[in-house]
Amino acid sequence: MARSPSPRPRLAVRLGAVAASAALATLAVGVGALPVAAATKPPVSIPGKVTNEGVGKVKGGAVAVDADDFSFDKTYLKSGAGSVSVTVSNTGTAPHTFTVAGQDIDVELSAGAEKTVTVAVSGGDPVVFYCRFHRGSGMQGAFFTKKGAAAAGTRTDSGGGSYGY
Ligand SMILES: [Cu+2]
């Protein structure tokens, strides 16, 4: 690469530093003024911790979901009842799974991999999907047809441990 000699390198550096600190100041003001949690409220409840990356929509019976480190984007997917073709892309660096209990869906994706599965969405309870490796850190989400519904699995069966009733 040819490096063009700048007549005033020091000035350029100084201007850059000023611009950067101005940008940082603007960012700080923005963060202080806006409550982050107001962005997306979970439309349905599912058991356990959920890292909420927002609400998406199934269009024409299909949707794309990113499996990232360590959440699904989007996390909640509004859908009509029926079969949904879900293309899952691992955009993270860790391996992830896309798993739906009770539907025999459990695909593993290495970093950069993409797989398509078909999920059956009913008009009733939300259909929960999760990553087997990182569910405990909030890597799960759900398809839903109605806001305000609660997943059947809201009972305490997700941890795999004994609660000793
Ligand atoms: Cu994962």
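Checking GLY141 against (1) modelled with pLDDT of 95 or more; (2) farther than 14 Å from LYS49 by Cα, which single condition isn't satisfied?
Unmet for GLY141, out of (1) modelled with pLDDT of 95 or more; (2) farther than 14 Å from LYS49 by Cα: (2).
Does region 78-97 contain any residue that is in a strand (DSSP E or B), touching a Leu at 6+ places or on another chain (Cβ under 6 Å) and within 16 Å of the ligand (Cβ to nearest atom)? Outline the logic, then answer.
Of region 78-97, the ones in a strand (DSSP E or B) are 78, 82-90, 96-97.
Still in the list and also touching a Leu at 6+ places or on another chain (Cβ under 6 Å): 90, 96.
Then drop every residue that is not within 16 Å of the ligand (Cβ to nearest atom), which leaves 90, 96.
Yes, there is a match, as at least one residue in region 78-97 is in a strand (DSSP E or B), touching a Leu at 6+ places or on another chain (Cβ under 6 Å) and within 16 Å of the ligand (Cβ to nearest atom).
Across region 69-112, what is the number of residues that are at pLDDT 95 or above, hydrophobic (A, V, I, L, M, F, W, C) and within 20 Å of PRO47 (Cβ to Cβ)?
Of the residues in that region, 6 qualify.
Would you be able to tell me the number of residues in region 60-77 that are part of a loop (DSSP other than H, G, I, E, B) and near the ligand (Cβ under 9 Å from one of its atoms)?
Residues of region 60-77 part of a loop (DSSP other than H, G, I, E, B): 60-61, 69-70, 74-75.
Those still in the list that are near the ligand (Cβ under 9 Å from one of its atoms) too: 69-70.
Counting residues in region 60-77 that are part of a loop (DSSP other than H, G, I, E, B) and near the ligand (Cβ under 9 Å from one of its atoms) gives 2.
The values are calculated or read from the model by the stated rules, or taken from the named source; none is laboratory data. All figures in this text were calculated on a predicted structure; none of them were measured in a lab. Positions of Cβ are generated from backbone atoms using ideal geometry, with glycine treated the same way; all protein chains shown enter the neighbour counts.
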